[in-house]
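Right, one structure below, let's go through it.
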Amino acid sequence: MKIETKSPASRDDRAAPFPVDQREAAYDSLFQHSLDCVKLVDTDGSLRRINQCGCDSLEVKSPDMVVGQCYFEFWSGHDIEKARAAAAQADDSGSGRFTGIYTSPSGRVSCWDEMITATYGEDGSQSGYLIISRNVTETYQLLTQQRALAEISAAALEVEDFGAFLQLLTETVAKTLGLPMTKVLEITEDRNLLLLRAGIGWEDGLVGKAKVGTERDSQAGYTLLSDKPVIVDDLTTETRFTGPQLLRQHKVRSGLSVIIPGERGAPYGVLGVHTNTLRKFDEYDIDFIQAVANTISARWRQECFDRDQQTLVREMAHRAGNMFQIAGSLFRQSFDVLEDVETAKQSFSDRLDAMARSCSSIARGGFKKIAIRSLAEDTLSPFGDLISISGRDFDVPGDLAFDLGLVWHELATNSAKYGALHTLDGEVKLSWKLDRDGADRYLSILWQDTSPSAGTPATGTGFGTQLISQLVELKYRGAVEISDHPAYACKLRIRLP
């Protein structure tokens, strides 16, 4: 008996006979000491011998459990064709090679580099194949996932529509990991639900409509609360949560989900991958999915930035028109009620400065919202520490913030002319609080000037009182209450939008 490798040049060039005892000893050494998976296979593919590494890969306890099975049927899909083609190449040239993906009974996915060498008997006829399989899963995963990340990153820059980008991303992730189901869940504005914004493998009509809860009984909700990747080995035996109807109706067994970071520390949503067969997810899968989630986050933040820039331009144009109107009104009122031109000029200049400080405060919040304490401190900064400010800090809308700045300036001007800021014989206090009346919220503001002369006259030129009344009572349908005894006080009550 001898082992020979068929030469493409000529069968007459076969190697010299190889004694049976030496051949068997060589096989024994190879099967015993090799760290690769080693198999002897008959020409029809029947497994004749396998080493312990091969048993571990197939997840069987002993060779007897798989000997006699067909080697080609260990593979699935296109890999079966690749294995048979490599064997045919070995028939013709002596050796063949291919790379295949193997899914074990437990769901573990691995990649193997298969070297198939033809073996021959002493009569020169082919007796089968010696197959040495090397596990290249780590390298394969890294290369495949890096290629996918490059494609996703390019799409994030090139695909204009955010929804189309997300859909392309889910398809790429599913193909890369060999999974049937991938989804991007977006948190709704009320933060109570997660919308299936994009996905693959779900029933028709669900993408863009299906929602799951953010509570911990769903995998996505549990992911948001746990603040780390969540792996589900088998949803049917999962004890941390029950899983939403969306997963149960698709008979999901295994899955992996991560948080997609959003704006200002709040999550955008959840990225999840699922399969209805058992699957073991490893650290490379986790790193890949987290990297994809971070790419979504970067694109989403750019979307928000572009949206805010457009809003900012529109808001600036709107406010510019309003400010020109207000400035014109301030100019007319300042010069109509004062005979002294220099006094009128100073009054007008002071009011423009107050407008500028309010605008500056609101601009820092993107013309959306501004913290009420920051607004008060900026508006009243010319008076230093002479005004004490108290009240729980919270955000107020940009329009209201701008108007409050003008109101506080008028009140401070009155105190500077007639009250404690002029005589320094009393103190000025500004305070506020939030009240509720059913579902409505109200902002109650109290301005107190304890100087004995603060209310003489309380209205000054009259324009300050008119401005406060117009803004609070007419624009916001609020209430203004001014009293002189026992000290000057102005109370405002405004319903918050």
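Structure notes:
- Put simply, of LYS211, LYS183 the only residue that is open to solvent by 50 Å² or more (accessible area, probe 1.4 Å) and either under 20 Å from the mean Cα position of the chain (by Cα) or modelled with pLDDT of 90 or more (or both) is LYS211.
- Residue check: LEU142 meets all listed conditions (1) part of a helix (DSSP H, G or I); (2) surrounded by 15 or more Cβ atoms within 10 Å (Cβ to Cβ) but one, namely (2).
- Scan segment 399-444 for residues that are in a loop (DSSP other than H, G, I, E, B) and at pLDDT 80 or above and the total you get is 4.
- Filter result for LYS183 (closer than 22 Å to ARG301 by Cα, in contact with a Gly (Cβ under 6 Å, 6 or more places away or on another chain) and not in a helix (DSSP H, G or I)): yes
- Considering segment 216-269, and only residues there that are modelled with pLDDT under 90 and at positive phi, the residue that is most open to solvent (accessible area, probe 1.4 Å) turns out to be ARG264.
- Of the listed requirements (1) touching a residue at least 60 places away in the same chain (Cβ under 8 Å); (2) surrounded by fewer than 22 Cβ atoms within 10 Å (Cβ to Cβ); (3) more than 47 Å from the chain's Cα centre (by Cα), PRO397 misses just one: (3).
- Matching residues in segment 280-306 - criterion: being polar (S, T, N, Q) and within 16 Å of LEU149 (Cα to Cα): GLN290, ASN294, THR295, SER297
- Residue in segment 470-483 that is open to solvent by 30 Å² or more (accessible area, probe 1.4 Å), out of contact with any Lys or Arg (no Cβ under 8 Å at 6 or more places or on another chain), under 20 Å from SER381 (Cβ atoms) and modelled with pLDDT under 85 present: no
- So LEU166, is it surrounded by 14 or more Cβ atoms within 10 Å (Cβ to Cβ) and modelled with pLDDT of 95 or more: yes
- Count of segment 138-157 residues which are touching a residue at least 24 places away in the same chain (Cβ under 8 Å) and in contact with a Phe, Trp or Tyr (Cβ under 8 Å, 6 or more places away or on another chain): 7
The values are calculated or read from the model by the stated rules, or taken from the named source; none is laboratory data. These numbers were taken from a predicted model, which means no experiment stands behind them. Don't worry about glycine lacking a Cβ; one is built from the backbone with ideal geometry, like all the others, and counts go over all protein chains shown. For the accessible areas, the whole protein counts, side chains as well, though only heavy atoms, and no ligand, DNA or RNA atoms are used. Shrake-Rupley method; radii C 1.70, N 1.55, O 1.52, S 1.80 Å.
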